[in-house]
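The values are calculated or read from the model by the stated rules, or taken from the named source; none is laboratory data. All of these numbers come straight from a predicted model, not from anything done at the bench. No Cβ is skipped: glycine too gets one built from the backbone with ideal geometry, and neighbour counts run over all protein chains shown.
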Amino acid sequence: MAARLNPLGTDVGPKLVRHLVATGRAVTDSSLPRATQELVKIRASQINGCGGCLDMHTKEAAHAGETPVRLNLVATWRDATVFTDAERAALELTEQGTRLADVGDVTDEVWEKAAEHYDEEQLTALVAQIALINAFNRLNVILRQPGGDYEPGRFHA
């Protein structure tokens, strides 16, 4: 599969990516656990079918020490024993926040579960992470950015 367009070869593309990455640093620098950040990116990218983001974030997570078992079970987190209650709450929030057109809203129950495990700073970072990865997913899916060639540490958003 070939990409439809190389946005980094345009005037607007590098500016857009630079600003999105800068926004992402607020999440990266937050107290939201790094493992949770990567799990959120992976789960949203699975839902959205973003090969480029899945390639990047599974490799970055593995490079940061995430286990293959956990990475392989993200898509079926409800049926896996390897995720904490806090991670499960984040993954559920990610799913509802990513599928807004299907679910209509994030339920109070899902929000309250997340709020049991994360403080307001972390919840803000979590919501921002969900929104940002969905933005990256949509850009990459529309442009058909393929996965497979990402090298960890090359570019991290």
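Scanning segment 63-82 for residues that are among the hydrophobic types (A, V, I, L, M, F, W, C), under 16 Å from the mean Cα position of the chain (by Cα) and at pLDDT 95 or above returns Leu71, Leu73, Val74, Ala75, Trp77. Annotation note: of Ala22, Ala2, the sole residue that is surrounded by fewer than 16 Cβ atoms within 10 Å (Cβ to Cβ) and farther than 30 Å from Phe83 by Cα is Ala2.
Considering only residues that are surrounded by fewer than 14 Cβ atoms within 10 Å (Cβ to Cβ) and over 22 Å from Arg88 (Cα atoms), look in segment 116-145 and name the one that is modelled with the lowest pLDDT.
Across segment 116-145, the extreme among qualifying residues is Arg144.
Taking residues in segment 77-100 that are touching a residue at least 12 places away in the same chain (Cβ under 8 Å), and partners anywhere that are of a type in the set (Lys, Arg), the pairs with Cβ atoms closer than 6 Å and at least 6 places apart or on different chains are Val82/Arg70; Ala89/Lys113; Leu91/Arg43; Thr94/Arg43. For beta carbons closer than 6 Å, sequence separation of 6+ or different chains, a first residue in segment 5-30 that is touching a residue at least 24 places away in the same chain (Cβ under 8 Å) and hydroxyl-bearing (Ser, Thr, Tyr) and a second that is in a helix (DSSP H, G or I) and surrounded by 11 or more Cβ atoms within 10 Å (Cβ to Cβ), the qualifying pairs are Ser30/Ala125.
Residues in segment 1-37 that are over 13 Å from Ala128 (Cα atoms), under 20 Å from the mean Cα position of the chain (by Cα) and of a type in the set (A, V, I, L, M): Leu16, Val17, Ala35. Comparison of Lys113, Lys59 shows that the only residue that is without any contact (Cβ under 8 Å) to a residue 40 or more places away in the chain and of a type outside the set (S, T, N, Q) is Lys113. Highlighted here are the helices (runs of 4 or more DSSP H) found entirely within segment 1-102 that include at least 2 residues which are of a type in the set (Asp, Glu): 51-63, 85-98.
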